[in-house]
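Q: My questions all concern the structure below.
The values are calculated or read from the model by the stated rules, or taken from the named source; none is laboratory data. Here the structure is a predicted model, which is why all the values come from computation and not from measurement. As a convention, Cβ positions derive from the backbone with ideal geometry for all residues, glycine included, and neighbour counts pool all protein chains shown. Just the protein is used for accessible areas: all its heavy atoms, side chains included, with ligands, DNA and RNA removed. Shrake-Rupley method; radii C 1.70, N 1.55, O 1.52, S 1.80 Å.
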Amino acid sequence: MVAVAATLFAVNAPVVKVIEHTGFSSERLTEVRSTGAMLGLWAVVLVTRRQTARVTRRELVLLAAIGVLGLALVQWSYFFAIHRLPIGEALLIQYLAPLLVALWARFAFRERVRRRVWAALGLSLAGLVLIVELWRGSLDGIGIAVAGVACLSYAFYVLAAELGTRERDPISLLAWGFVFASLFWAVLQPWWSFPTSRLEGSTSLLGHLSSLHAPLWLLVLWMIVLGSIVPFVLVVSALPRIGATRTAIVAMLEPVVAILVAWAWLAESLDAPQLVGAALTLGGIGLAQTAR
């Protein structure tokens with residue numbers, strides 16, 4: 001489930017870059033993605049599990065935190081980062097999050113984290129250093145800083161969502177989380193100023209697919225359904241099965257797939273050290289899966 005979600009998220013990255021190329025800001029895209037996901041998830045809740053629509057006051061704080069500090073912030077920082085950085089670099093900075101999750105599980109929750117998991121994280125971090133090429137001086141400081149925010153927000157989201165699934169099913173948990181994410185962005189980006197006319201046109205798919213054009217509304221629909229609703233549900237559904245630490249490590253498949261998709265679609269190139277870094281990340285994921 002997490003591997004499928006990671007693949008869908010990875011394919012969604014070039015889709016977002018194409019949409020941003022038409023002039024949509026990271027804030028607007030986050031607002032559209034959050035609101036669209038909220039509407040889709042609530043349709044599922046009301047049709048299939050109406051009894052889960054109720055929420056207690058005690059739950060509201062956690063759901064609001066997941067919505068704003070998790071879903072809203074991680075999406076915006078991710079969109080902003082890939083606008084300024086190559087997709088692979090932005091995602092690999094974000095995926096320092098599994099280390100934070102493992103450290104929190106070990107020292108805050110007092111959970112046992114096997115040595116093999118630490119070795120897996122070490123491999124993945126070594127891969128990160130190679131792919132980002134920290135020894136180069138031409139780094140985009142703002143892009144890297146915002147990708148760091150995405151890392152912190154993603155770690156919080158995984159840990160908080162795991163806590164939330166102990167008392168609530170994944171779909172209603174996400175539905176409520178996206179309510180708060182949508183409200184947050186509606187305040188910052190009022191809907192009455194939304195550039196609706198832009199959705200009526202089409203755009204080039206850029207890179208190797210620049211000769212092809214797609215309606216902008218179709219790309220936005222892809223971002224909402226296959227780039228948001230389906231993968232988010234898969235990840236949160238996996239949390240009660242394999243836990244936050246292993247979920248976060250398996251999700252590190254996303255940067256590797258995203259690198260390949262960006263190379264095939266957007267013509268983003270990688271040199272030999274970066275390819276070795278991608279291989280180390282995959283090795284870390286494989287090692288983590290042997291730690292039962």
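Q: What number of residues within the stretch 247-292 are assigned to a helix (DSSP H, G or I), open to solvent by less than 50 Å² (accessible area, probe 1.4 Å) and among the small types (G, A, S)?
A: Looking only at that region, the number is 9.
Q: On to the next question. For the stretch 14-29, which positions are part of a helix (DSSP H, G or I) and either at positive phi or not aliphatic (A, V, I, L, M) (or both)?
A: P14, K17, E20, H21, S26, E27, R28
Q: Do we have V74 as at pLDDT 90 or above, under 12 Å from the mean Cα position of the chain (by Cα) and surrounded by 22 or more Cβ atoms within 10 Å (Cβ to Cβ) here?
A: Yes, satisfied.
Q: Please go through the stretch 15-31 and pick out each residue that is among the charged types (D, E, K, R) and open to solvent by less than 10 Å² (accessible area, probe 1.4 Å).
A: Hit for the stretch 15-31 is E31, nothing else.
Q: Still on this structure, please answer the following. Quick one: is V11 part of a helix (DSSP H, G or I), open to solvent by 10 Å² or more (accessible area, probe 1.4 Å), under 22 Å from V230 (Cα atoms) and β-branched (V, I, T)?
A: Taking the combined requirement at face value, the residue satisfies it.
Q: Okay, next question. Scan (1) in contact with a Ser or Thr (Cβ under 6 Å, 6 or more places away or on another chain); (2) not in a helix (DSSP H, G or I) for the single condition V55 breaks and write down its number.
A: (1)
Q: For V15, only one of the following conditions fails: (1) under 27 Å from S197 (Cβ atoms); (2) out of contact with any Leu (no Cβ under 7 Å at 6 or more places or on another chain). What is its number?
A: It is condition (2) that V15 fails.
Q: Can you say whether A108 is farther than 30 Å from A186 by Cα, open to solvent by 30 Å² or more (accessible area, probe 1.4 Å), more than 21 Å from the chain's Cα centre (by Cα) and touching a residue at least 24 places away in the same chain (Cβ under 8 Å), as far as the supplied structure shows?
A: It is false that A108 is farther than 30 Å from A186 by Cα, open to solvent by 30 Å² or more (accessible area, probe 1.4 Å), more than 21 Å from the chain's Cα centre (by Cα) and touching a residue at least 24 places away in the same chain (Cβ under 8 Å).
Q: Further, regarding this structure: Checking T196 against (1) open to solvent by 40 Å² or more (accessible area, probe 1.4 Å); (2) closer than 30 Å to L96 by Cβ; (3) β-branched (V, I, T): exactly one of these is not met. Which one?
A: (2)
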